[in-house]
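Engineer: Below you will find the structure I want to go over with you.
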Amino acid sequence: DLHRVDRRQRQMCIRDREDTIVRGLEPWFIRGLSLLGGEPFEPSNQQALLPLLRKVRKAYPEKTIWCYTGYDFEQDLLTGRLCDWPVTEELLSYIDVLVDGEFKLDLKNPNLRFRGSSNQRVIDLKKSLYGDELVLWSEAY
(Lines give C-alpha, C1' and ligand atoms only; values in the text may rest on other atoms or scores of the structure.)
Protein backbone atom coordinates (compact mmCIF):
# COMPACT_ATOMS: atom_id res chain seq x y z
CA ASP A 1 0.00 0.00 0.00
CA LEU A 2 1.51 3.32 -1.14
CA HIS A 3 0.07 5.23 1.83
CA ARG A 4 1.76 2.87 4.30
CA VAL A 5 5.12 3.14 2.52
CA ASP A 6 4.93 6.93 2.50
CA ARG A 7 4.08 6.98 6.22
CA ARG A 8 6.97 4.64 7.02
CA GLN A 9 9.39 6.82 5.03
CA ARG A 10 8.15 9.92 6.83
CA GLN A 11 8.65 8.28 10.23
CA MET A 12 12.18 7.18 9.27
CA CYS A 13 12.98 10.72 8.13
CA ILE A 14 11.74 12.15 11.43
CA ARG A 15 13.83 9.64 13.43
CA ASP A 16 16.89 10.51 11.33
CA ARG A 17 16.39 14.22 12.08
CA GLU A 18 15.95 13.52 15.79
CA ASP A 19 19.17 11.46 15.79
CA THR A 20 21.01 14.28 13.98
CA ILE A 21 19.88 16.77 16.65
CA VAL A 22 20.91 14.43 19.46
CA ARG A 23 24.35 13.87 17.89
CA GLY A 24 24.73 17.63 17.46
CA LEU A 25 24.38 18.08 21.22
CA GLU A 26 27.32 15.76 21.96
CA PRO A 27 30.24 18.26 22.15
CA TRP A 28 31.08 19.39 25.68
CA PHE A 29 30.70 23.06 24.73
CA ILE A 30 27.05 22.62 23.73
CA ARG A 31 25.25 23.32 26.99
CA GLY A 32 21.74 22.37 25.92
CA LEU A 33 18.82 22.60 23.54
CA SER A 34 16.40 25.49 22.97
CA LEU A 35 12.92 24.97 21.56
CA LEU A 36 11.57 28.04 19.79
CA GLY A 37 9.92 29.10 16.59
CA GLY A 38 6.45 28.02 15.73
CA GLU A 39 4.79 27.08 19.01
CA PRO A 40 6.15 24.06 20.92
CA PHE A 41 2.95 23.73 22.96
CA GLU A 42 0.50 23.52 20.07
CA PRO A 43 -1.09 20.06 20.50
CA SER A 44 0.39 18.53 17.33
CA ASN A 45 3.81 19.97 18.17
CA GLN A 46 3.70 18.54 21.70
CA GLN A 47 3.15 15.06 20.29
CA ALA A 48 5.97 15.55 17.77
CA LEU A 49 8.47 16.91 20.31
CA LEU A 50 8.05 14.19 22.93
CA PRO A 51 10.21 11.54 21.20
CA LEU A 52 13.00 14.08 20.62
CA LEU A 53 13.00 15.32 24.22
CA ARG A 54 12.98 11.76 25.54
CA LYS A 55 16.08 11.01 23.46
CA VAL A 56 17.85 14.23 24.47
CA ARG A 57 17.14 13.78 28.18
CA LYS A 58 18.24 10.12 28.09
CA ALA A 59 21.46 10.87 26.18
CA TYR A 60 22.39 14.08 28.01
CA PRO A 61 20.71 14.36 31.43
CA GLU A 62 23.20 17.10 32.39
CA LYS A 63 22.32 19.44 29.50
CA THR A 64 19.60 22.03 29.89
CA ILE A 65 16.49 22.27 27.79
CA TRP A 66 14.98 25.71 27.31
CA CYS A 67 11.59 26.31 25.73
CA TYR A 68 10.03 29.53 24.47
CA THR A 69 6.24 29.70 24.32
CA GLY A 70 3.69 32.41 23.70
CA TYR A 71 1.37 30.67 26.14
CA ASP A 72 1.07 31.51 29.84
CA PHE A 73 2.47 28.87 32.18
CA GLU A 74 -0.33 28.90 34.76
CA GLN A 75 -3.33 29.81 32.61
CA ASP A 76 -2.58 27.70 29.54
CA LEU A 77 -0.03 24.99 30.27
CA LEU A 78 -0.86 23.90 33.82
CA THR A 79 -4.60 23.80 33.13
CA GLY A 80 -4.13 21.14 30.45
CA ARG A 81 -6.45 23.00 28.10
CA LEU A 82 -4.07 22.84 25.12
CA CYS A 83 -3.56 19.08 24.88
CA ASP A 84 -4.11 15.89 26.84
CA TRP A 85 -2.63 16.68 30.27
CA PRO A 86 -0.33 13.60 30.36
CA VAL A 87 1.31 14.76 27.11
CA THR A 88 1.80 18.34 28.34
CA GLU A 89 2.95 17.11 31.74
CA GLU A 90 5.59 14.83 30.22
CA LEU A 91 6.79 17.57 27.88
CA LEU A 92 7.10 20.00 30.80
CA SER A 93 9.02 17.38 32.81
CA TYR A 94 11.89 17.46 30.29
CA ILE A 95 12.19 21.27 30.19
CA ASP A 96 14.49 23.08 32.63
CA VAL A 97 13.70 26.70 31.76
CA LEU A 98 10.49 28.03 30.24
CA VAL A 99 10.19 31.52 28.78
CA ASP A 100 6.46 32.17 28.70
CA GLY A 101 4.20 34.88 27.38
CA GLU A 102 3.54 36.39 24.02
CA PHE A 103 6.11 38.86 22.70
CA LYS A 104 4.54 42.34 22.80
CA LEU A 105 6.13 45.03 20.69
CA ASP A 106 4.91 47.84 22.96
CA LEU A 107 6.70 46.14 25.90
CA LYS A 108 9.90 45.40 23.95
CA ASN A 109 13.07 45.92 25.94
CA PRO A 110 16.46 45.05 24.39
CA ASN A 111 18.08 45.09 27.84
CA LEU A 112 16.18 42.02 29.06
CA ARG A 113 18.07 38.72 29.17
CA PHE A 114 16.58 35.78 27.29
CA ARG A 115 13.27 37.50 26.56
CA GLY A 116 12.11 40.25 24.28
CA SER A 117 9.35 42.02 26.17
CA SER A 118 8.78 42.79 29.83
CA ASN A 119 5.60 40.71 30.09
CA GLN A 120 7.56 37.52 29.41
CA ARG A 121 8.98 35.49 32.28
CA VAL A 122 12.03 33.21 32.51
CA ILE A 123 10.80 30.39 34.74
CA ASP A 124 12.84 27.73 36.53
CA LEU A 125 10.49 24.97 35.50
CA LYS A 126 11.89 22.20 37.70
CA LYS A 127 11.50 24.26 40.85
CA SER A 128 8.12 25.61 39.76
CA LEU A 129 6.62 22.24 38.84
CA TYR A 130 7.78 20.41 41.93
CA GLY A 131 7.49 23.22 44.45
CA ASP A 132 4.62 25.24 45.85
CA GLU A 133 5.16 28.43 43.85
CA LEU A 134 6.44 29.84 40.59
CA VAL A 135 10.22 30.35 40.70
CA LEU A 136 11.96 32.64 38.24
CA TRP A 137 15.22 31.40 36.73
CA SER A 138 18.51 32.81 37.94
CA GLU A 139 22.03 32.65 36.51
CA ALA A 140 22.79 29.59 38.65
CA TYR A 141 22.76 27.27 35.61
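The values are calculated or read from the model by the stated rules, or taken from the named source; none is laboratory data. Please read these numbers as outputs of a predicted model, since none were measured by experiment. Using ideal geometry, Cβ is built from the backbone for each residue, glycine included, and neighbour counts are taken over all protein chains shown. To get the accessible areas, we keep the full protein, side chains included, count just its heavy atoms, and leave off ligands, DNA and RNA. Shrake-Rupley method; radii C 1.70, N 1.55, O 1.52, S 1.80 Å.
Engineer: Quick one: which residues, 5 or more positions from Val135 or on another chain, have an amide H under 5 Å from its amide H? H modelled 1.01 Å from N in the peptide plane, none for Pro or chain starts.
Structural biologist: Long-range HN contacts for Val135: Asp124, Ser128.
Engineer: So what are the radius of gyration and Dmax for the Cα set of the chain, in Å?
Structural biologist: 16.4, 56
Engineer: Can I ask one more? What is the magnitude of the charge dipole of the range 46-140 about its Cα centre, with +1 placed on the Cβ of each Lys and Arg, -1 on the Cβ of each Asp and Glu, and no other charges, expressed in debye to the nearest 20?
Structural biologist: For the range 46-140, the charge dipole is close to 460 debye.
Engineer: Run through the range 39-141 and list the GluC sites (Glu not before Pro) located in a DSSP loop whose Cβ has at most 13 other Cβ atoms within 10 Å.
Structural biologist: Taking the range 39-141 and a limit of 13 other Cβ atoms within 10 Å, the loop GluC sites (Glu not before Pro) found are Glu62, Glu102, Glu133, Glu139.
Engineer: Here's a follow-up. Within the set Lys55/Lys126; Lys58/Lys126; Lys63/Lys108; Lys63/Lys127; Lys55/Lys108, which residue pairs have Cα atoms separated by over 23 Å?
Structural biologist: As for pairs spanning more than 23 Å Cα to Cα, those are Lys63/Lys108; Lys55/Lys108.
Engineer: Another question, if that's okay. State the percentage of accessible surface on the range 14-141 attributable to carbon and sulfur atoms; use a 1.4 Å probe and exclude ligands, DNA and RNA.
Structural biologist: Ligands and nucleic acids excluded, carbon and sulfur reach 54 percent.
Engineer: Ok, one more. Once you place label points 7 Å from the Cα toward the Cβ at Ser34 and Gln75, how far apart are they in nm?
Structural biologist: Label at Ser34, label at Gln75, 2.5 nm between them.
Engineer: For the range 37-137, what is the accessible area per residue in Å² when the probe is 1.4 Å?
Structural biologist: Accessible area per residue, the range 37-137: 54 Å².
Engineer: Then there is this: Order the peptides 122-131, 42-51 from the highest to the lowest mean number of other Cβ atoms within 10 Å of their residues.
Structural biologist: Those peptides, ordered most packed to least, come out 122-131, 42-51.
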